[in-house]
Every structure is written in C-alpha cells, then in structure tokens.
Amino acid sequence: MRITVLAGGVGAARFLRGLKAAAPGAQITVIGNTGDDITLFGLRVCPDLDTVMYTLGGGISEDQGWGRADETFTIRDELRAYGAGPSWFTLGDRDFATHIVRTQLLTEGKPLSEATRVLCERWQPGVRLLPMSDDTIETHVVLEDSVIHFQEWWVRLHAPAPAKAIVPVGAAEASPAPGVAEAIAGADFVLFPPSNPVVSIGPILAVPGIREAVEAQTVVGVSGIIGSAPVRGMADVCLATIGVQTSAAAVAAHYGADLIDGWLVDEQDKAAADDPALADIAVRALPLYMRDLPSAAAIAQGAIDLALELKR
Ligand code: FO1
C-alpha cells in the first residue's frame, strides 16, 4: 500500500507514528510544510520537517512535541551573553547541529529535498520525507501595522488575536519538490493528519500543482478540532483570520468536497455527519484524542479504512 501524507508539525508527527504502527508494510511518503521555516543566526531552521524526522526517528522531546530529547542549551546561553538575538526562539545544542548540517548542505548548493534526505539517513524515520518545495516559502502574518514571520507571531506573541491575513510568501512562484507530484499521483490515497489547516496544510496546497494533484486523489482528513477547540496549538486564531469557525464541520467545509472525500471527526462532533454543508464528504466519528501510540494507531486505521472504502 502506498500512502502519501501532507504534514505539519506535532499533530502530524504523532499521527504518522500511529500510521506506521497501523500499516507496517505501507510505503509512506510525507510531504512536509516548509512555510514555518526561518533563518536564525545564519542557520536554516525547518521546524515541521524536523518535528516529523525526530518523532519518527526516536529523537523528539516528547513533552514539548518539538526539538530534541535530552537537550542542553549552552549555545543559547553563549549567544545571550553576546546579546545576540532573537531570544524568543529557543534552539538547543543538539538541534543546532541539525541546522548547521542542513545549512552547510544548502550553502554547498544542495536543494532542501537533498538536505532533508541526508538528515534522514541518520534518523531513519521509516517514511520518505519530502519538503513541499525546494523553493523558499515563508508564512508571514499581516498585522494592523506590520508584517511579521509566522514564528514571531506564534512563538513570541502567542497568536494573540486574529491577524489581517496569513500569507505563504513565495508559494505562488514555487514548484513542488522532486517526487512530490509523483508521490501524490502514485499513492493509493492521500491523508491529511490533524494539522493546522491554515498554516500547515494551507501552505502545502498553495504550491502550484499540489492542490490539483491532491484533488485528483482519494483524500481522507482527520480533524484537528474537537468540540470547539483545537487539540493543540492556536488553530482557532488562524481559522478566525480566514473567517472559518473553529469546528470540525467548518474545517471540512473549508477544505471542500473537491479536495477531501472523507473526514474523521471525534465522537463528540458526530453531528457533522448530518451537516448539509458536508453532504458530499463521508464523515465518520471515532475517538480522536491521540493520547498514546495505540490511540494514534486506531485513528490512522480509521483513516485507512475510510480511504479504502471510498476508493472502491
Ligand atoms: N515553539 C515554541 O513555542 N518556542 C520555541 O522556542 C520553539 C523553538 C523551536 C525550535 C526548533 C523547532 O523545530 C521548533 C521550535 N518550536 C518552538 C516549535 C515551532 O515554533 C512551532 O510549534 C511550529 O513551527 C508550528 O508547527
């Protein structure tokens, strides 16, 4: 079975861990969001790619969901002693090594997809991890009187209120990374994990060619909203920015029947199955809290079952 997954950070990584357990024989390709990427201290940092790589490779900080386990912060402290910023984004010593190797490869002229492949040689995530594009795309947030990088809005300001706009800068001129279009077209089906629809899945779909390829596929998504709140992160503020309500049904309607064929919601949102706005989307309800590996695997199995049912 060939499965292609569009992925953001923590939610996607935990879902993928469940997917690998549910479908141990499957060839899984992960297309990672690079809109969160940022250059800090001269180093290219790719949070979503790294979160997937570390989680599946056994190196993630389980408490945080991002960054390395058993981390130390000597470099950060030394940078602070120099007064070198920004101080609002914390990189640990072990994590720094990843960004140094990546930046070294990029500086040598290697594309991000190749740098990601090299990093994955160490971590052996058990999936093929591709960036959505080798071109630079950065999600920026338009505020009343300034435009800032997504990470500054998210990490420094904690997404205090809906923004005026959230823009994946560079996406319109970008191309999918090598293998991305083929991985979508050649998959048995495509899955959307419970990732943020605006800042994780949205930028991936904004790369010309990706949305069209996904629309031609059988797609099942997993809601990252349970009840009226995101399971993790500040997706509610992102959704408000684009005028979408924070509910599983509203997110499915936002994706639309052209894009997704099936939608998994939590049992408490099972009424979404009768929502006339979702008439052309097959909605199934099951417990969606990913507490541990078995619960993540059960969600992934639900997504596989629905995708295979819809494919027939
Ligand atoms: N999130 C934070 O809230 N604070 C941080 O200082 C921070 C540092 C960081 C470093 C590397 C990395 O891969 C991720 C990091 N994150 C941090 C998470 C990240 O900002 C976001 O949660 C994602 O980009 C959203 O998916």
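The values are calculated or read from the model by the stated rules, or taken from the named source; none is laboratory data. If you're wondering where the values come from, they're calculated on a predicted model, not measured in any experiment. Methodologically, a virtual Cβ is constructed for each residue, glycine included, from the backbone with ideal geometry; neighbour enumeration extends over all protein chains shown. We work out accessible area using only protein heavy atoms, side chains counted, and drop any ligands, DNA or RNA first. Shrake-Rupley method; radii C 1.70, N 1.55, O 1.52, S 1.80 Å.
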Next on the checklist: Less than 22 Å apart at the alpha-carbon level, and either on another chain or at least 8 residues along: which lysines does that give for Lys20?
Outcome noted: Lys311
Checklist entry - Among bridges DSSP assigns within the chain, what percent are antiparallel (round to 5)? => result 40 percent
Checklist entry - Under a 5 Å amide H to amide H cut-off, with H placed in plane at 1.01 Å, what residues pair with Ala163 once short-range neighbours are removed? => result Thr241
Item to check | Accessible surface of the chain, 1.4 Å probe, proportion on carbon and sulfur as whole % | outcome: 51 percent
Checklist entry - Assigning unit charges at the beta carbon (Lys, Arg +1; Asp, Glu -1) and nothing else, what dipole magnitude in debye, to the nearest 20, does segment 2-311 show about its Cα centre? => result 540 debye
Next on the checklist: List the aspartates and glutamates whose Cα sits under 15 Å from the Cα of Lys110, skipping any in the same chain fewer than 8 residues away.
Outcome noted: Asp134, Asp135
Item to check | Proximal charge balance of Pro111 [Cβ under 11 Å; K/R count +1, D/E count -1] | outcome: -2
Checklist entry - Taking the alpha-carbon centroid of each part, what is the distance from segment 269-294 to segment 13-54 in angstrom? => result 24 Å
Checklist outcome for this item: Mean-square fluctuation maximum in Gaussian network of the chain, Cα pairs under 10 Å, restricted to Leu157, Leu286, Leu43, hits Leu157
Item to check | Angle in degrees between helix 10-22 and the longest Cα principal axis of the chain, rounded to the nearest 10 | outcome: 60 degrees
Next on the checklist: So if I place +1 on the C-beta of Lys and Arg and -1 on the C-beta of Asp and Glu, and nothing else carries charge, what would the dipole magnitude of segment 162-312 be about its Cα centre? I want it in debye, nearest 20.
Outcome noted: 320 debye
Item to check | Table column - 3J(HN,Hα) (Hz), segment 164-175, Karplus curve with 6.51, -1.76, 1.60, x for Gly and Pro | outcome: 6, 6, 10, 10, x, 5, x, 5, 4, 9, 8, 10
Item to check | Accessible area (Å², per residue) of segment 2-311, counting only protein heavy atoms and a probe of 1.4 Å | outcome: 41 Å²
Next on the checklist: For segment 2-311, what does the convex hull of the Cα positions come to per residue, in cubic angstrom?
Outcome noted: 121 Å³
Checklist entry - Out of Pro287, Gln217, Gly256, whose Cα points farthest toward the positive end of the dipole of segment 2-311 (charges: +1 Lys, Arg; -1 Asp, Glu; placed on Cβ)? => result Pro287
Checklist entry - When the helix-only estimate is applied to the chain (DSSP H runs of n ≥ 4, each -39,500 (n - 2.57), divided by the residue count), what is the mean residue ellipticity at 222 nm, nearest 500 deg cm²/dmol? => result -10000 deg cm²/dmol
